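Working notes for the structure below.
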Amino acid sequence: MSARARLLHDSRWQGVIHLTGGGAGFLAEVLGTAGASRSVLDAGVPYSPESLTELLGSAPAQACSAGTARAMAMGGFERARRLGATRPFGFACTASLATDRAKRGRCRAHIAVQTPARGFHAEFSAFSVVHDRAIQEQELVEVAWDVLLSALDLAGDRKIELNTVEAAPEWQALVDGRLSHFSTAPHPGDLVFPGSFNPLHDGHRGMMAVAERRLGGPGAYELSIENPDKPVLDYFEIRSRLEQFERPVWLTRLPTFAEKARKFPGATFVIGTDTLVRIADPGYYGGLVQRDEAIAGMLGHGVRFLVFGRLFNGDFQQLGDQVLPASLLDACSGVDEAEFRMDVSSTLARRSR
(Lines give C-alpha, C1' and ligand atoms only; values in the text may rest on other atoms or scores of the structure.)
Protein backbone atom coordinates (compact mmCIF):
# COMPACT_ATOMS: atom_id res chain seq x y z
CA MET A 1 0.00 0.00 0.00
CA SER A 2 1.45 3.37 -1.05
CA ALA A 3 0.92 6.22 1.42
CA ARG A 4 1.48 8.87 -1.25
CA ALA A 5 -0.99 7.22 -3.60
CA ARG A 6 -3.52 7.22 -0.74
CA LEU A 7 -3.00 11.00 -0.44
CA LEU A 8 -4.12 11.32 -4.04
CA HIS A 9 -6.99 8.84 -3.82
CA ASP A 10 -8.35 10.40 -0.60
CA SER A 11 -8.33 13.91 -2.08
CA ARG A 12 -11.06 15.52 -4.18
CA TRP A 13 -8.84 15.58 -7.30
CA GLN A 14 -9.88 13.51 -10.31
CA GLY A 15 -7.68 13.31 -13.35
CA VAL A 16 -6.28 11.65 -16.43
CA ILE A 17 -2.68 10.41 -16.73
CA HIS A 18 -0.64 10.27 -19.95
CA LEU A 19 2.83 8.69 -20.09
CA THR A 20 5.28 8.09 -22.92
CA GLY A 21 8.88 6.95 -22.87
CA GLY A 22 8.86 6.08 -19.15
CA GLY A 23 6.89 6.24 -15.92
CA ALA A 24 5.46 2.72 -15.84
CA GLY A 25 6.39 2.35 -12.17
CA PHE A 26 4.53 5.53 -11.29
CA LEU A 27 1.35 4.34 -13.00
CA ALA A 28 1.65 0.92 -11.37
CA GLU A 29 1.88 2.52 -7.93
CA VAL A 30 -1.10 4.79 -8.61
CA LEU A 31 -3.33 2.00 -9.88
CA GLY A 32 -2.01 -0.64 -7.50
CA THR A 33 -3.17 1.25 -4.43
CA ALA A 34 -6.75 0.79 -3.28
CA GLY A 35 -9.04 3.70 -4.12
CA ALA A 36 -7.53 4.52 -7.51
CA SER A 37 -10.96 4.66 -9.15
CA ARG A 38 -11.80 7.72 -7.04
CA SER A 39 -8.95 9.82 -8.44
CA VAL A 40 -7.97 8.30 -11.80
CA LEU A 41 -10.61 8.59 -14.49
CA ASP A 42 -8.44 7.37 -17.33
CA ALA A 43 -4.81 6.63 -18.18
CA GLY A 44 -3.02 6.29 -21.48
CA VAL A 45 0.44 5.31 -22.68
CA PRO A 46 0.88 6.74 -26.22
CA TYR A 47 4.23 5.02 -26.73
CA SER A 48 4.48 4.89 -30.51
CA PRO A 49 4.94 8.08 -32.59
CA GLU A 50 1.59 7.37 -34.23
CA SER A 51 -0.33 7.13 -30.94
CA LEU A 52 1.34 10.29 -29.59
CA THR A 53 0.43 12.12 -32.79
CA GLU A 54 -3.16 10.93 -32.41
CA LEU A 55 -3.30 12.27 -28.85
CA LEU A 56 -1.83 15.66 -29.74
CA GLY A 57 -3.50 16.14 -33.11
CA SER A 58 -0.16 16.50 -34.93
CA ALA A 59 3.35 15.13 -34.66
CA PRO A 60 5.34 17.04 -32.04
CA ALA A 61 8.62 18.63 -33.06
CA GLN A 62 10.23 16.64 -30.24
CA ALA A 63 8.52 13.91 -28.25
CA CYS A 64 10.53 14.46 -25.06
CA SER A 65 10.11 18.18 -24.50
CA ALA A 66 8.41 20.65 -22.20
CA GLY A 67 5.84 21.61 -24.83
CA THR A 68 4.88 18.00 -25.49
CA ALA A 69 4.50 17.26 -21.78
CA ARG A 70 2.31 20.32 -21.25
CA ALA A 71 0.14 19.50 -24.27
CA MET A 72 -0.31 15.93 -22.99
CA ALA A 73 -1.26 17.25 -19.55
CA MET A 74 -3.77 19.69 -21.02
CA GLY A 75 -5.24 16.89 -23.12
CA GLY A 76 -5.64 14.86 -19.93
CA PHE A 77 -7.17 17.81 -18.11
CA GLU A 78 -9.73 18.37 -20.88
CA ARG A 79 -10.63 14.68 -20.89
CA ALA A 80 -11.05 14.72 -17.11
CA ARG A 81 -13.49 17.63 -17.51
CA ARG A 82 -15.43 15.76 -20.18
CA LEU A 83 -15.59 12.70 -17.92
CA GLY A 84 -17.25 14.77 -15.20
CA ALA A 85 -14.38 15.47 -12.81
CA THR A 86 -15.43 17.86 -10.05
CA ARG A 87 -11.83 18.95 -9.45
CA PRO A 88 -9.99 17.98 -12.65
CA PHE A 89 -6.28 17.60 -13.32
CA GLY A 90 -4.11 16.31 -16.12
CA PHE A 91 -0.75 14.67 -15.45
CA ALA A 92 1.82 13.86 -18.14
CA CYS A 93 5.34 12.52 -18.32
CA THR A 94 7.43 12.20 -21.47
CA ALA A 95 10.82 10.61 -20.93
CA SER A 96 13.92 9.55 -22.83
CA LEU A 97 15.59 6.88 -20.75
CA ALA A 98 18.34 4.30 -21.24
CA THR A 99 17.54 1.92 -24.07
CA ASP A 100 19.02 -0.92 -26.09
CA ARG A 101 19.66 1.44 -29.03
CA ALA A 102 22.12 4.27 -29.50
CA LYS A 103 20.72 7.50 -28.03
CA ARG A 104 21.02 10.85 -29.77
CA GLY A 105 20.48 12.95 -26.63
CA ARG A 106 20.88 12.82 -22.88
CA CYS A 107 18.53 10.88 -20.62
CA ARG A 108 15.83 13.21 -19.34
CA ALA A 109 12.17 13.56 -18.51
CA HIS A 110 9.61 16.35 -18.70
CA ILE A 111 6.67 16.23 -16.32
CA ALA A 112 3.62 18.51 -16.47
CA VAL A 113 0.45 18.98 -14.46
CA GLN A 114 -2.59 20.99 -15.53
CA THR A 115 -5.25 22.19 -13.07
CA PRO A 116 -8.06 24.71 -13.51
CA ALA A 117 -6.03 27.60 -12.10
CA ARG A 118 -2.40 26.67 -12.80
CA GLY A 119 0.01 24.95 -15.12
CA PHE A 120 3.14 23.19 -13.85
CA HIS A 121 6.25 21.85 -15.53
CA ALA A 122 9.49 20.28 -14.35
CA GLU A 123 12.48 18.88 -16.20
CA PHE A 124 14.62 16.13 -14.69
CA SER A 125 17.96 14.89 -16.03
CA ALA A 126 19.96 14.17 -12.85
CA PHE A 127 19.77 10.39 -13.18
CA SER A 128 22.36 8.65 -11.01
CA VAL A 129 23.31 6.19 -13.78
CA VAL A 130 23.34 6.54 -17.54
CA HIS A 131 22.91 2.96 -18.75
CA ASP A 132 20.54 1.29 -16.26
CA ARG A 133 16.94 1.83 -17.26
CA ALA A 134 15.49 0.07 -14.21
CA ILE A 135 17.24 2.46 -11.84
CA GLN A 136 16.22 5.44 -13.97
CA GLU A 137 12.60 4.29 -13.83
CA GLN A 138 12.80 4.10 -10.03
CA GLU A 139 14.19 7.63 -9.85
CA LEU A 140 11.55 8.88 -12.26
CA VAL A 141 8.83 7.49 -9.99
CA GLU A 142 10.10 9.64 -7.13
CA VAL A 143 10.25 12.76 -9.28
CA ALA A 144 6.78 12.16 -10.72
CA TRP A 145 5.24 11.88 -7.25
CA ASP A 146 7.10 14.97 -6.09
CA VAL A 147 5.72 17.01 -8.99
CA LEU A 148 2.15 15.70 -8.77
CA LEU A 149 1.71 16.04 -5.02
CA SER A 150 3.29 19.50 -5.02
CA ALA A 151 1.10 20.69 -7.90
CA LEU A 152 -2.07 19.44 -6.23
CA ASP A 153 -1.06 20.89 -2.82
CA LEU A 154 -1.05 17.43 -1.26
CA ALA A 155 2.53 17.60 0.06
CA GLY A 156 4.86 20.43 0.98
CA ASP A 157 8.32 18.86 0.83
CA ARG A 158 9.10 19.65 -2.80
CA LYS A 159 12.53 18.40 -3.93
CA ILE A 160 12.53 19.53 -7.56
CA GLU A 161 12.21 22.96 -9.17
CA LEU A 162 8.66 23.41 -10.41
CA ASN A 163 7.86 26.05 -13.02
CA THR A 164 4.37 27.45 -12.51
CA VAL A 165 1.96 29.70 -14.41
CA GLU A 166 -1.00 31.25 -12.61
CA ALA A 167 -3.89 31.62 -15.03
CA ALA A 168 -5.74 34.91 -15.32
CA PRO A 169 -9.46 34.57 -14.48
CA GLU A 170 -10.34 35.09 -18.15
CA TRP A 171 -8.04 32.24 -19.20
CA GLN A 172 -9.70 29.93 -16.73
CA ALA A 173 -13.13 30.98 -17.99
CA LEU A 174 -12.10 30.24 -21.58
CA VAL A 175 -10.73 26.82 -20.64
CA ASP A 176 -13.80 25.75 -18.67
CA GLY A 177 -16.25 27.13 -21.23
CA ARG A 178 -17.75 30.02 -19.24
CA LEU A 179 -16.30 32.54 -21.73
CA SER A 180 -15.92 32.37 -25.49
CA HIS A 181 -13.78 35.47 -26.13
CA PHE A 182 -12.33 38.60 -24.59
CA SER A 183 -9.92 41.33 -25.65
CA THR A 184 -6.70 42.18 -23.84
CA ALA A 185 -7.45 45.86 -24.57
CA PRO A 186 -10.52 47.75 -25.84
CA HIS A 187 -11.26 46.95 -29.49
CA PRO A 188 -14.53 46.99 -31.49
CA GLY A 189 -13.86 43.64 -33.20
CA ASP A 190 -14.36 45.04 -36.71
CA LEU A 191 -10.90 44.24 -38.15
CA VAL A 192 -9.60 40.91 -36.85
CA PHE A 193 -6.53 38.89 -37.84
CA PRO A 194 -6.94 35.25 -36.68
CA GLY A 195 -3.97 32.93 -36.35
CA SER A 196 -1.86 30.74 -34.10
CA PHE A 197 1.09 33.19 -34.16
CA ASN A 198 3.61 30.54 -33.17
CA PRO A 199 5.54 32.78 -33.45
CA LEU A 200 4.37 36.24 -34.49
CA HIS A 201 6.63 37.44 -37.33
CA ASP A 202 7.17 40.38 -39.67
CA GLY A 203 4.81 38.88 -42.24
CA HIS A 204 1.93 39.10 -39.74
CA ARG A 205 2.87 42.68 -38.84
CA GLY A 206 3.05 43.69 -42.49
CA MET A 207 -0.33 42.16 -43.27
CA MET A 208 -1.89 44.00 -40.35
CA ALA A 209 -0.39 47.31 -41.50
CA VAL A 210 -1.84 46.86 -45.00
CA ALA A 211 -5.24 45.88 -43.58
CA GLU A 212 -5.34 48.97 -41.37
CA ARG A 213 -4.50 51.22 -44.33
CA ARG A 214 -7.19 49.56 -46.44
CA LEU A 215 -9.94 49.79 -43.82
CA GLY A 216 -8.86 52.99 -42.08
CA GLY A 217 -9.01 51.71 -38.52
CA PRO A 218 -7.04 49.79 -35.91
CA GLY A 219 -6.94 46.01 -36.10
CA ALA A 220 -6.56 43.32 -33.47
CA TYR A 221 -5.15 39.82 -33.60
CA GLU A 222 -7.27 36.82 -32.63
CA LEU A 223 -5.75 33.79 -30.95
CA SER A 224 -8.00 30.80 -30.33
CA ILE A 225 -6.86 28.52 -27.53
CA GLU A 226 -8.73 25.67 -29.22
CA ASN A 227 -8.05 24.21 -32.64
CA PRO A 228 -9.82 21.22 -34.19
CA ASP A 229 -8.44 17.84 -33.07
CA LYS A 230 -5.74 19.38 -30.81
CA PRO A 231 -5.52 19.91 -27.05
CA VAL A 232 -6.40 23.35 -25.77
CA LEU A 233 -3.35 25.63 -25.40
CA ASP A 234 -1.84 25.28 -21.94
CA TYR A 235 -1.26 28.31 -19.71
CA PHE A 236 2.49 28.45 -20.43
CA GLU A 237 1.70 28.58 -24.15
CA ILE A 238 -1.01 31.23 -23.74
CA ARG A 239 1.34 33.44 -21.74
CA SER A 240 4.19 32.99 -24.21
CA ARG A 241 2.11 33.86 -27.24
CA LEU A 242 0.38 36.86 -25.67
CA GLU A 243 3.74 38.32 -24.65
CA GLN A 244 4.59 38.77 -28.36
CA PHE A 245 1.95 41.41 -28.99
CA GLU A 246 2.00 45.17 -28.52
CA ARG A 247 -1.62 45.70 -29.62
CA PRO A 248 -5.02 44.29 -28.63
CA VAL A 249 -5.49 40.54 -28.91
CA TRP A 250 -8.83 38.76 -28.87
CA LEU A 251 -8.15 35.59 -26.90
CA THR A 252 -10.94 33.19 -27.80
CA ARG A 253 -12.22 29.66 -27.79
CA LEU A 254 -13.53 29.93 -31.35
CA PRO A 255 -11.81 27.21 -33.40
CA THR A 256 -13.80 27.67 -36.63
CA PHE A 257 -14.66 30.64 -38.81
CA ALA A 258 -18.34 29.84 -38.38
CA GLU A 259 -17.92 30.48 -34.65
CA LYS A 260 -15.75 33.56 -35.23
CA ALA A 261 -18.39 35.02 -37.56
CA ARG A 262 -21.09 34.64 -34.90
CA LYS A 263 -19.00 36.43 -32.27
CA PHE A 264 -17.64 39.14 -34.63
CA PRO A 265 -20.62 40.02 -36.87
CA GLY A 266 -19.75 42.47 -39.62
CA ALA A 267 -16.01 42.00 -39.12
CA THR A 268 -13.36 41.85 -41.80
CA PHE A 269 -11.02 38.91 -41.21
CA VAL A 270 -7.41 39.14 -42.39
CA ILE A 271 -6.38 35.77 -43.87
CA GLY A 272 -3.93 34.16 -46.28
CA THR A 273 -4.92 32.17 -49.33
CA ASP A 274 -4.00 28.97 -47.47
CA THR A 275 -6.69 29.72 -44.89
CA LEU A 276 -9.18 30.64 -47.62
CA VAL A 277 -8.60 27.29 -49.31
CA ARG A 278 -9.43 25.52 -46.03
CA ILE A 279 -12.61 27.57 -45.62
CA ALA A 280 -13.71 26.46 -49.10
CA ASP A 281 -12.68 22.80 -48.76
CA PRO A 282 -15.72 20.48 -48.53
CA GLY A 283 -13.57 17.98 -46.66
CA TYR A 284 -13.62 20.18 -43.58
CA TYR A 285 -17.41 20.07 -43.45
CA GLY A 286 -18.26 16.54 -44.55
CA GLY A 287 -19.41 17.37 -48.07
CA LEU A 288 -20.44 20.09 -50.51
CA VAL A 289 -23.92 20.60 -49.08
CA GLN A 290 -22.61 20.99 -45.55
CA ARG A 291 -19.89 23.36 -46.76
CA ASP A 292 -22.34 25.58 -48.62
CA GLU A 293 -24.65 25.69 -45.61
CA ALA A 294 -21.75 26.60 -43.32
CA ILE A 295 -20.51 29.35 -45.64
CA ALA A 296 -24.04 30.74 -46.00
CA GLY A 297 -24.39 30.85 -42.23
CA MET A 298 -21.00 32.51 -41.91
CA LEU A 299 -21.76 35.18 -44.51
CA GLY A 300 -25.18 35.72 -42.97
CA HIS A 301 -23.33 37.51 -40.15
CA GLY A 302 -22.01 40.07 -42.63
CA VAL A 303 -18.35 39.12 -42.39
CA ARG A 304 -15.79 39.76 -45.12
CA PHE A 305 -12.27 38.51 -45.84
CA LEU A 306 -9.18 40.48 -46.83
CA VAL A 307 -7.01 37.88 -48.57
CA PHE A 308 -3.22 37.96 -48.85
CA GLY A 309 -1.20 35.80 -51.23
CA ARG A 310 0.86 32.92 -49.87
CA LEU A 311 3.63 30.73 -51.24
CA PHE A 312 2.52 27.14 -51.97
CA ASN A 313 5.19 24.62 -52.99
CA GLY A 314 7.20 27.33 -54.73
CA ASP A 315 4.13 28.94 -56.36
CA PHE A 316 2.77 32.26 -55.07
CA GLN A 317 -1.02 31.91 -54.93
CA GLN A 318 -3.36 34.92 -54.77
CA LEU A 319 -7.12 35.33 -54.48
CA GLY A 320 -7.60 35.29 -58.25
CA ASP A 321 -5.92 31.90 -58.50
CA GLN A 322 -8.53 30.15 -56.34
CA VAL A 323 -11.70 28.32 -57.39
CA LEU A 324 -14.31 29.35 -54.83
CA PRO A 325 -18.08 29.29 -54.32
CA ALA A 326 -19.50 32.50 -55.79
CA SER A 327 -20.91 33.67 -52.47
CA LEU A 328 -17.56 33.29 -50.73
CA LEU A 329 -15.70 35.01 -53.56
CA ASP A 330 -18.08 37.98 -53.34
CA ALA A 331 -17.16 38.38 -49.66
CA CYS A 332 -13.41 38.52 -50.42
CA SER A 333 -11.09 41.36 -51.33
CA GLY A 334 -7.58 40.52 -52.49
CA VAL A 335 -4.29 42.22 -51.73
CA ASP A 336 -2.16 42.24 -54.87
CA GLU A 337 1.38 40.90 -54.83
CA ALA A 338 2.68 44.33 -55.81
CA GLU A 339 1.12 45.81 -52.66
CA PHE A 340 2.36 43.17 -50.25
CA ARG A 341 4.39 39.99 -50.46
CA MET A 342 6.55 38.47 -47.73
CA ASP A 343 7.48 34.81 -48.05
CA VAL A 344 7.79 33.94 -44.39
CA SER A 345 5.82 31.50 -42.26
CA SER A 346 5.58 30.54 -38.61
CA THR A 347 6.89 27.09 -39.48
CA LEU A 348 10.07 28.55 -40.99
CA ALA A 349 10.36 30.99 -38.07
CA ARG A 350 10.15 28.10 -35.57
CA ARG A 351 12.83 26.16 -37.42
CA SER A 352 15.19 29.13 -37.51
CA ARG A 353 14.50 29.85 -33.85
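Tabulated results
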{"read-out": "Filter pass, PHE124 being of a type in the set (Phe, Trp, Tyr) and over 29 Å from ARG253 (Cα atoms)", "value": "yes"}
{"read-out": "Unmet requirement for VAL232, which otherwise passes all of (1) more than 21 Å from ARG81 (Cβ to Cβ); (2) touching a helix residue (DSSP H, G or I) at 6+ places or on another chain (Cβ under 7 Å); (3) open to solvent by less than 20 Å² (accessible area, probe 1.4 Å)", "value": "(1)"}
{"read-out": "Check on LEU251, closer than 21 Å to ALA173 by Cα and crowded, with 22+ Cβ neighbours inside 10 Å", "value": "yes"}
{"read-out": "Pairs where the first residue, in the range 78-102, is touching a residue at least 12 places away in the same chain (Cβ under 8 Å) and the second is open to solvent by 60 Å² or more (accessible area, probe 1.4 Å), C-beta under 6 Å, 6+ apart", "value": "ARG87/ARG12; PRO88/ARG81; LEU97/ARG133; ALA98/HIS131; ALA98/ARG133"}
{"read-out": "From the options LEU7, LEU56, LEU19, residue that is in contact with a strand residue (DSSP E or B) (Cβ under 8 Å, 6 or more places away or on another chain), modelled with pLDDT of 95 or more and of a type in the set (A, V, I, L, M, F, W, C)", "value": "LEU19"}
{"read-out": "Residue match in the range 159-166 (condition: touching a residue at least 12 places away in the same chain (Cβ under 8 Å) and either farther than 30 Å from ILE111 by Cβ or touching a Leu at 6+ places or on another chain (Cβ under 8 Å) (or both))", "value": "no"}
{"read-out": "Qualifying residue in the range 295-303 (condition: surrounded by fewer than 19 Cβ atoms within 10 Å (Cβ to Cβ), over 29 Å from LEU179 (Cα atoms) and free of Cβ contacts under 8 Å to residues at least 40 places away in the same chain)", "value": "no"}
{"read-out": "Selected residue (criterion: farthest from the chain's Cα centre (by Cα)) from residues of the range 213-229 that are within 20 Å of HIS201 (Cα to Cα) and open to solvent by less than 30 Å² (accessible area, probe 1.4 Å)", "value": "GLY219"}
{"read-out": "When residues of the range 87-106 are limited to those that are part of a loop (DSSP other than H, G, I, E, B) and modelled with pLDDT of 95 or more, the one farthest from SER48 (Cα to Cα)", "value": "ARG87"}
{"read-out": "Some residue of the range 163-175 being open to solvent by 20 Å² or more (accessible area, probe 1.4 Å), touching a Phe, Trp or Tyr at 6+ places or on another chain (Cβ under 6 Å) and of a type outside the set (Phe, Trp, Tyr)", "value": "yes"}
{"read-out": "Cross-chain or 6+ apart pairs with Cβ under 7 Å, the range 26-51 first and without any contact (Cβ under 8 Å) to a residue 40 or more places away in the chain and within 19 Å of THR86 (Cβ to Cβ), then not in a helix (DSSP H, G or I) and not β-branched (Val, Ile, Thr)", "value": "GLY35/ASP10; SER39/SER11; SER39/TRP13; SER39/GLN14; SER39/GLY15; VAL40/GLY15"}
{"read-out": "Whichever residue in the range 19-64 is outside any strand (DSSP E or B) and among the β-branched types (Val, Ile, Thr) and, among such residues, is most open to solvent (accessible area, probe 1.4 Å)", "value": "VAL45"}
{"read-out": "Residues being closer than 19 Å to HIS110 by Cα and in contact with an Asp or Glu (Cβ under 8 Å, 6 or more places away or on another chain) - total across the range 24-57", "value": "3"}
{"read-out": "Set LEU319, LEU288, LEU329, LEU324: member being open to solvent by less than 70 Å² (accessible area, probe 1.4 Å), over 19 Å from VAL210 (Cα atoms) and over 25 Å from the mean Cα position of the chain (by Cα)", "value": "LEU324"}
{"read-out": "Residue tally, condition closer than 16 Å to GLY67 by Cβ and either out of contact with any helix residue (DSSP H, G or I) (no Cβ under 8 Å at 6 or more places or on another chain) or loosely packed, with under 13 Cβ neighbours inside 10 Å (or both), over the range 79-136", "value": "3"}
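The values are calculated or read from the model by the stated rules, or taken from the named source; none is laboratory data. All of these numbers come straight from a predicted model, not from anything done at the bench. When we count neighbours, we look across all protein chains shown, and the Cβ atoms used for this are built from the backbone with ideal geometry, even at glycine. With ligands, DNA and RNA removed, areas are computed over all heavy atoms of the protein, side chains included. Shrake-Rupley method; radii C 1.70, N 1.55, O 1.52, S 1.80 Å.
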